[in-house]
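Engineer: Have a look at the structure that comes next, please.
Taken together, the values in this text are just the output of simple stated rules run on the coordinates, not laboratory data. Keep in mind that what you see is a predicted model, and the values were worked out from it rather than measured. Virtual Cβ from ideal backbone geometry, glycine too; neighbours counted across all protein chains shown.
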Amino acid sequence: MTRRLTVAIVGMVAGALLLAGVGTLVLTQLGARQEARRDLEQQAVDVATSFQGARRPAVTQALRRALRLQGAEVVLFGASGNRVTALPAGVSDSDLDLAALRAGSVISGAHRDLVFAAARVPSARPGAGIVVLTRKPDTGLRSGGRWFALAAIVTLATAAVVASVLGSRLTRPLREAQRATRRIAAGDLSARLPEPRGDDELATLTRSINSMAAALERSRGLERQFLLAVSHDLRTPLTSIRGFAEAIAEGKAPDDAQAAAVITAESRRLERLVRDLLELAKLDARRFSLDVRATDVAEVVTETAEGFRPAADDAHVQLDVVTNGQGLLATADPDRLAQVVANLVENALKFASGAITVGAARSGGAVVLWVDDDGPGIPADDLPRVFERFFTSTRTPARQVGSGLGLSIVRELVDAMGATVRAEPADGRGARMVVALKPWARA
């Protein structure tokens with residue numbers, strides 16, 4: 001890229017020099033031609049006047065010879081207006097307006113690089129002489145052209161050096177970005193670029209690469225935490241199942257029925273974990289269907305929350321459902337919305353100390369549902385991240401409920417229905433999960 005930038009800059013300088021040179025040449029030629037015409041017109045008048053004072057033929061002939069040496073000529077015309085002597089080279093009869101000359105006017109013109117001027121010699125005779133002067137304008141380009149060429153060469157050489165240095169400096173951040181992205185692609189997510197100053201495009205690119213690397217590094221850390229958590233969640237029920245199964249097989253179980261119940265409970269826990277993992281995979285691949293229609297949010301919230309009342313009673317947690325009656329219509333898939341409510345209630349049941357409140361109402365231009373718990377609450381720094389797939393909360397659950405993937409599934413489903421979800425502190429103590437749905441627009 002540095003080479004292309006250098007060539008481009010040198011090419012632009014060369015083009016500018018060429019344009020300036022051609023423009024200077026044209027303007028210089030036009031100016032020299034105009035100046036030569038003015039000078040020749042004045043000289044033609046002066047020479048014609050001097051001929052008027054030359055009475056002797058010898059003097060006239062000497063003047064004519066002297067004029068020929070200077071590229072001028074005295075052209076004689078007979079009484080009938082016929083030319084009797086030759087015109088200077090490059091001037092034709094059509095260039096001379098005899099009527100205007102006889103009237104006392106001065107005629108001038110140009111043919112390519114030749115400029116001429118003509119004036120009548122004052123005389124009382126019918127046939128009169130006309131002084132015709134010619135000149136090739138001196139533009140000074142013959143001597144100045146060499147200096148211009150030398151200056152152009154020096155300018156192009158300087159432009160090449162400056163372009164090379166400038167190109168190297170301009171492309172240095174791009175080369176550093178290329179090396180950093182290669183390291184990131186190779187798995188080194190700690191690679192960073194020097195923090196830039198300013199707000200130009202290169203600085204924006206640098207910050208974007210650093211942000212991407214930081215996000216990937218954080219995602220890798222969260223993924224590792226997630227894998228550790230899942231491994232633990234898989235190993236714990238498997239250990240219980242294996243232990244009780246071996247006890248039953250060896251006849252050492254104190255109560256076979258109780259051991260079988262433990263095995264059944266742990267198997268269901270494993271089944272739920274595997275089901276949630278598959279659900280996340282489907283959501284990530286967008287391989288699920290949505291039946292979005294007018295949905296009564298109050299009805300879905302009430303029916304879903306009531307399904308958790310036995311579990312809440314077993315955990316000695318008071319479950320309250322608060323809605324403003326029927327008619328809270330929102331744009332949603334009722335089955336997926338029930339899944340969202342179930343995961344939120346299950347998450348609240350994991351952390352609640354003694355009470356959970358589930359509600360739905362109209363708020364502003366949206367229909368919202370919320371789930372409150374009176375647990376330890378969520379640290380402020382963790383509030384924006386609790387719905388991330390690999391995030392592990394620092395708060396300690398009061399009991400083991402669900403697979404730990406419920407909030408990630410909630411966010412995927414809510415996004416798919418065009419709604420939003422957020423976590424915030426509950427009134428007084430605990431945490432609140434809020435889902436804002438679009439109200440149903442009647443056609």
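Engineer: Could you pull out every residue, at least 5 positions away or on a different chain, whose amide H is within less than 5 Å of the one on Gly375? Hs are placed 1.01 Å off N in the peptide plane, and Pro or chain starts have none.
Structural biologist: Ser353, Ala431
Engineer: Using packing as a proxy for protection, rank 15-25, 410-420 so that the peptide with the highest average count of other Cβ atoms within 10 Å comes first. Could you put the intermediate results ahead of the total?
Structural biologist: Details: 15-25: 12.4, 410-420: 18.4.
With the highest mean Cβ count within 10 Å placed first, the list reads 410-420, 15-25.
Engineer: Also, quick follow-up: Highest mean first, what order results for 237-244, 292-299 on Cβ atoms within 10 Å? All intermediate terms of the calculation are to be shown ahead of the outcome.
Structural biologist: Numbers: 237-244: 15.8, 292-299: 19.2.
Taking the mean over residues of other Cβ atoms within 10 Å, the ranking is 292-299, 237-244.
Engineer: For a protection proxy built on the mean count of beta-carbon atoms within 10 angstrom, sort 257-268, 36-47 highest first, please. All intermediate terms of the calculation are to be shown ahead of the outcome.
Structural biologist: On the way: 257-268: 14.2, 36-47: 18.3.
Ranking the peptides 257-268, 36-47 by packing returns 36-47, 257-268.
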